[in-house]
Amino acid sequence: MYLDRFSKTLLCVLVFMLGLLVFRPFFNPAAAQTQARNYDYVRYLGGFNTGTGQVMILLDSRNGNIWSYGLSERRVSYVGQLTQLGQPLVQAP
């Protein structure tokens, strides 16, 4: 009997805490929107596994720069610039 009451109380506390996490942006929407706006220009192009680990490809839509981020090696490298669809990427000299 005691274990059942304890389980139900613990479950109610967990549900309440999860509810606080879910509804927090509604209580302070300006902060949530400001955080989202900081990276509105970044577009996820894809990700893949290489022999050295996982890589994520991102596009900076402000200038067309494409960057690869190594997730397992913590490496960032410039891929090129997308200037026009259907044309090769422009590489930095």
For the range 36-68, how many residues meet the condition of being among the hydroxyl-bearing types (Ser, Thr, Tyr), part of a strand (DSSP E or B) and closer than 17 Å to residue 91 by Cα? 1
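Quick check on the range 17-56: of everything there that is of a type in the set (Phe, Trp, Tyr) and exposed (fewer than 10 other Cβ atoms within 10 Å of the Cβ), which residue is modelled with the highest pLDDT?
Narrowing the range 17-56 to residues of a type in the set (Phe, Trp, Tyr): 23, 26-27, 39, 41, 44, 48.
After this cut, where a residue has to be exposed (fewer than 10 other Cβ atoms within 10 Å of the Cβ) as well, the list is 23, 26-27, 44, 48.
Details: 23: 81, 26: 75, 27: 71, 44: 88, 48: 84.
Once the filter is applied, the top-ranked residue is 44.
Look at residue 66 and say whether it is in contact with an Asp or Glu (Cβ under 8 Å, 6 or more places away or on another chain) and β-branched (Val, Ile, Thr). Even if it seems obvious, please write down each step before you answer.
Values: in contact with an Asp or Glu (Cβ under 8 Å, 6 or more places away or on another chain): yes; β-branched (Val, Ile, Thr): yes.
Judged against the criteria, residue 66 is a match.
Quick one: in the range 63-89, of everything that is surrounded by 14 or more Cβ atoms within 10 Å (Cβ to Cβ) and β-branched (Val, Ile, Thr), which residue is modelled with the lowest pLDDT?
Step one: filter the range 63-89 for residues surrounded by 14 or more Cβ atoms within 10 Å (Cβ to Cβ), giving 64-70, 79-82.
Add one more test, that the residue is β-branched (Val, Ile, Thr), and what stays is 66, 79.
Values: 66: 91, 79: 88.
Within the range 63-89, the match that is modelled with the lowest pLDDT is 79.
The values are calculated or read from the model by the stated rules, or taken from the named source; none is laboratory data. Note that the structure is a prediction, hence the values are computed from the model and not measured. Note that we place each Cβ from the backbone using ideal geometry, even for glycine, and neighbour counts take in every protein chain shown.
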